[in-house]
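Reading through the structure tokens given below for one structure.
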Amino acid sequence: MKLSRLTDYAVILLTKLSFADDEPASAARLSEDLMLPQPTVSKLLKMLTKADLLTAQRGAAGGYRLSRSAAAISIGDVIAAIEGPLALTACIDEREEDVCGVQSFCGMRGNWAVVNTAVSEALNRVTLADMAPAWMSMFGPLDARTEGLQPDEPATARRSPDTEPTSKEAR
């Protein structure tokens, strides 16, 4: 089983929004922050809003935010929003029509249903909140204010405590 790149991007996007403290984020800002093409981000935002994982707010101060807490959004929810219901085999996928000539008498179908349920339950146990610590260990805080930077200051201005201040910082 391999998830699509779009699903991977959706998890990244939602994890980023989980740090937003309920402030809406625009498609343009998310695209820039995540270094993803804006059409891809816009497509994801539309799909995730349709699946009720995001809420959209129109207007100058508008944007997108999680529709519920990160702890209440499972990876299974994200996969279903982007790829549809989990179905490891064609005979489990209710969207497929007459996919197998032996489906009506196949002894494996019930076994695949058990496996499908186990995988689905595992994906539903992992939430966006569970994904956040990995993000933090790899990328650090997403909000420049948590690093002591001004909102318009570039991320390259970040420094470790044991480095010398730049000439701008020394002033």
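Numbers at a glance
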read-out: Where E121 falls short, out of the listed (1) modelled with pLDDT under 85; (2) surrounded by fewer than 14 Cβ atoms within 10 Å (Cβ to Cβ); (3) more than 19 Å from D22 (Cα to Cα); value: (1)
read-out: Long-range neighbours under 7 Å by Cβ, at least six apart or interchain, first residue under 18 Å from L123 (Cα atoms) within region 62-75, second in a loop (DSSP other than H, G, I, E, B); value: A70/S18; I73/L53; S74/V126; I75/V126
read-out: Test result for L86, at pLDDT below 95, open to solvent by less than 50 Å² (accessible area, probe 1.4 Å) and not in a helix (DSSP H, G or I); value: yes
read-out: Condition broken by G59, with the remaining ones in (1) small (G, A, S); (2) open to solvent by less than 50 Å² (accessible area, probe 1.4 Å); (3) at pLDDT below 95 satisfied; value: (2)
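The values are calculated or read from the model by the stated rules, or taken from the named source; none is laboratory data. Source: prediction; values computed, not measured. With ideal geometry, Cβ positions are generated from the backbone for all residues, glycine too; neighbour counts draw on all protein chains shown. SASA here: full protein model, heavy atoms, side chains in, ligands and nucleic acids out. Shrake-Rupley method; radii C 1.70, N 1.55, O 1.52, S 1.80 Å.
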